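The values are calculated or read from the model by the stated rules, or taken from the named source; none is laboratory data. As the structure is a prediction and not an experimental result, all values here were calculated from the model. Cβ sites come from the backbone with ideal geometry, for glycine too, and all protein chains shown count toward neighbours. All accessible areas refer to the heavy atoms of the entire protein, side chains included, with ligands and DNA or RNA removed. Shrake-Rupley method; radii C 1.70, N 1.55, O 1.52, S 1.80 Å.
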Amino acid sequence: MKLYNLKDNSEQVSFAQAIKQGLGKQQGLFFPQDLPEFNREEIDQLLKLDFVTRSSHILSAFIGDEIPLEHVAVRIKSAFTFPAPVAKVEEDVATLELFHGPTLAFKDFGGRFMAQMLAQVAGEQPVTILTATSGDTGAAVAHAFYGLDNVQVVILYPQGKISPLQEKLFCTLGGNIHTVAIDGDFDDCQALVKQAFDDNELKQALYLNSANSINISRLLAQICYYFEAVAQLPEDKRGQLVISVPSGNFGDLTAGLLAKSMGLPVKRFIAATNVNDTVPRYLTDGKWVPHQTVATLSNAMDVSQPNNWPRIEELFYRKSWPLSELRHGVVSDEVTKETIKALAKLGYISEPHAAIAYRVLRDQLQEGEYGLFLGTAHPAKFKESVEQILGEELPLPEALAERADLALLSHCLPANFAELRAFLLERAPE
């Protein structure tokens, strides 16, 4: 598999290099040189396979002969040990539940696949994973890499801006997992990560890598659950399928669009955001004007400068798709609360991110279409806000209950690169 840097097309790397390197020169994202496609008959055959077998074929179509299919299959079997069920919500709407993994969020798919792939290609070389999280990435990455030999993980997150249970899930592990609460917002955390990757001395001293969705392995893994969703739908629903994706850093939507580019039958995608609406405004007026990030109920989507957007624009350019085909919608906190209540009346308990995706889908779904919205996190991860909205208590799943009373092990730092740099160098491998 060959990939090129979106900011410097002359920089071309293998899949293994892209996994280990994370970002290219000038903080450029890597993008596949070849975009595999399946014909309709091949898609139909893939949809008949089980999740792990199908995912092995999908990812091997990208990876090629760099890693043999049988090795990819072993790694996926170790990574995807939990289901991604489709649950009916209304006659014409269902949700893809992506929160049945160990950290109860969709990030488990990408985080665990990346850990398996890094183990496949890194050998004995020490690695420091540096990543920023707005909530769920941190937990998924921490649990995926916890206890792995030769791997240190440093996770930055905005202090006071993720839910308490999200924080407990990844800031109580210790060992090779180091968590840092940054006095700022997610965009500050992301900027610090980018600065670290621009520091050659730091990169070499720590063998730096990133586990954000900027890492291509995480992104490719997410393609697989879109195929899994369609496989669970009746055949008569597939031709009129509309998928609404709660969007913050836009990695999930990128993966869905890559699935469509491979031939998966999706009529259209909807990018659903909270009031951090840089992309919806851009799609409306053609002007890229990020505003100051606003804290919302859907904190994992509190991103004003989404990292993955250049990949989406590149994909639309490569496929000659007009950007106008990508629909969008913005939902306020008040409407999010109303939507969580409306879903509960339908018999479905949800959380802010999925509620936003449902709201925009419901508003835009046309007669004869079938809608699917992504449930990206278990509602108990947002226990305080959901309980307050619904006026009822949510039981804690075991994964959260066992960590709820543990002490936080986080360090606190200002949004200052010099201080972060010193912190990282203290943890450099010998």
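Taking the condition open to solvent by 50 Å² or more (accessible area, probe 1.4 Å) and hydrophobic (A, V, I, L, M, F, W, C), does LEU406 pass? Taking the combined requirement at face value, the residue satisfies it. Selection of region 369-403 for residues being small (Gly, Ala, Ser), within 30 Å of LEU257 (Cα to Cα) and at pLDDT 95 or above yields GLY371, GLY375. Within region 404-430, the only residue that satisfies the criterion of being more than 19 Å from GLY184 (Cα to Cα), modelled with pLDDT of 90 or more and of a type in the set (Gly, Ala, Ser) is ALA407.
If you go through region 233-267, how many residues are at positive phi and either in contact with a strand residue (DSSP E or B) (Cβ under 8 Å, 6 or more places away or on another chain) or among the β-branched types (Val, Ile, Thr) (or both)?
Of the residues in region 233-267, the ones at positive phi are 250, 263.
Filter once more, so that each one left must be either in contact with a strand residue (DSSP E or B) (Cβ under 8 Å, 6 or more places away or on another chain) or among the β-branched types (Val, Ile, Thr) (or both): 250.
Of the residues in region 233-267, 1 are at positive phi and either in contact with a strand residue (DSSP E or B) (Cβ under 8 Å, 6 or more places away or on another chain) or among the β-branched types (Val, Ile, Thr) (or both).
So, of the residues in region 203-255 that are in a loop (DSSP other than H, G, I, E, B) and closer than 13 Å to MET114 by Cβ, which turns out to be nearest to the chain's Cα centre (by Cα)? Top of the filtered list is SER213. Does ALA61 satisfy the criteria of being outside any strand (DSSP E or B), hydrophobic (A, V, I, L, M, F, W, C) and in contact with a Leu (Cβ under 6 Å, 6 or more places away or on another chain)? Taking the combined requirement at face value, the residue does not satisfy it.
Those residues that are outside any loop (DSSP other than H, G, I, E, B) and either of a type in the set (Asp, Glu) or surrounded by fewer than 18 Cβ atoms within 10 Å (Cβ to Cβ) (or both), I need them from region 314-329; list them, please. Within region 314-329, GLU314, PHE316, TYR317, ARG318, LYS319, LEU323, SER324, GLU325, ARG327 qualify. Hey, does region 76-94 have a residue that's under 15 Å from the mean Cα position of the chain (by Cα), farther than 30 Å from TYR370 by Cβ and crowded, with 17+ Cβ neighbours inside 10 Å? Within region 76-94, none of the residues are under 15 Å from the mean Cα position of the chain (by Cα), farther than 30 Å from TYR370 by Cβ and crowded, with 17+ Cβ neighbours inside 10 Å. Of all the residues in region 150-190, those that are surrounded by fewer than 19 Cβ atoms within 10 Å (Cβ to Cβ), at pLDDT 90 or above and closer than 24 Å to LEU206 by Cα number 4. Please determine, by comparing only the residues of region 33-58 that are in a helix (DSSP H, G or I) and without any contact (Cβ under 8 Å) to a residue 12 or more places away in the chain, which one is surrounded by the fewest Cβ atoms within 10 Å (Cβ to Cβ). Applying the filter and picking the extreme gives GLU41.
Out of curiosity, is ILE129 open to solvent by less than 50 Å² (accessible area, probe 1.4 Å), of a type outside the set (Phe, Trp, Tyr) and assigned by the TED database to the domain that holds ASP185? Write out each step before concluding.
On the way: open to solvent by less than 50 Å² (accessible area, probe 1.4 Å): yes; of a type outside the set (Phe, Trp, Tyr): yes; assigned by the TED database to the domain that holds ASP185: yes.
It is true that ILE129 is open to solvent by less than 50 Å² (accessible area, probe 1.4 Å), of a type outside the set (Phe, Trp, Tyr) and assigned by the TED database to the domain that holds ASP185.
In summary, PHE373 fulfils each of the numbered conditions (1) within 23 Å of THR293 (Cβ to Cβ); (2) in contact with a Pro (Cβ under 9 Å, 6 or more places away or on another chain); (3) among the aromatic types (Phe, Trp, Tyr) with the single exception of condition (1). Of all the listed residues (THR128, THR103, THR81), the sole one being under 22 Å from GLN166 (Cβ atoms) and either in contact with a Phe, Trp or Tyr (Cβ under 8 Å, 6 or more places away or on another chain) or in a strand (DSSP E or B) (or both) is THR103. Is it the case, given these coordinates, that LYS25 is crowded, with 19+ Cβ neighbours inside 10 Å, charged (D, E, K, R) and over 20 Å from MET262 (Cα atoms)? So LYS25 does not fit the description; no.
Of all residues in region 337-354, how many are of a type outside the set (Val, Ile, Thr) and open to solvent by 10 Å² or more (accessible area, probe 1.4 Å)? Steps first, answer last, please.
Initially, region 337-354 is screened for residues of a type outside the set (Val, Ile, Thr), giving 337-338, 341-348, 350-354.
Filter again for open to solvent by 10 Å² or more (accessible area, probe 1.4 Å), leaving 337-338, 341-342, 344-348.
So the answer is 9.
Once region 137-149 is narrowed to residues that are more than 23 Å from ALA18 (Cβ to Cβ) and either charged (D, E, K, R) or part of a loop (DSSP other than H, G, I, E, B) (or both), the residue that is most open to solvent (accessible area, probe 1.4 Å) is TYR146.
Looking at region 273-313, which of the residues that are among the charged types (D, E, K, R) and open to solvent by less than 40 Å² (accessible area, probe 1.4 Å) is nearest to GLN159 (Cα to Cα)?
Of the residues in region 273-313, the ones among the charged types (D, E, K, R) are 277, 281, 285, 287, 302, 311, 313.
Adding the requirement that they be open to solvent by less than 40 Å² (accessible area, probe 1.4 Å) leaves 277, 302, 311.
Working: ASP277: 22, ASP302: 13, ARG311: 29 Å.
My answer is ASP302.
Identification of helices (runs of 4 or more DSSP H) wholly contained in region 330-410 with 3 or more residues that are of a type outside the set (S, T, N, Q) and more than 22 Å from the chain's Cα centre (by Cα) yields 333-345, 383-390. Of all residues in region 76-91, those satisfying the criterion of being over 12 Å from LEU346 (Cβ atoms) and touching a Leu at 6+ places or on another chain (Cβ under 9 Å) are ILE76, ALA84, PRO85, VAL86. Would you please name the residue that is nearest to ASN150 (Cα to Cα), looking only at residues in region 412-430 that are of a type outside the set (A, V, I, L, M, F, W, C) and open to solvent by 70 Å² or more (accessible area, probe 1.4 Å)? Only one residue tops the list, namely GLU430.
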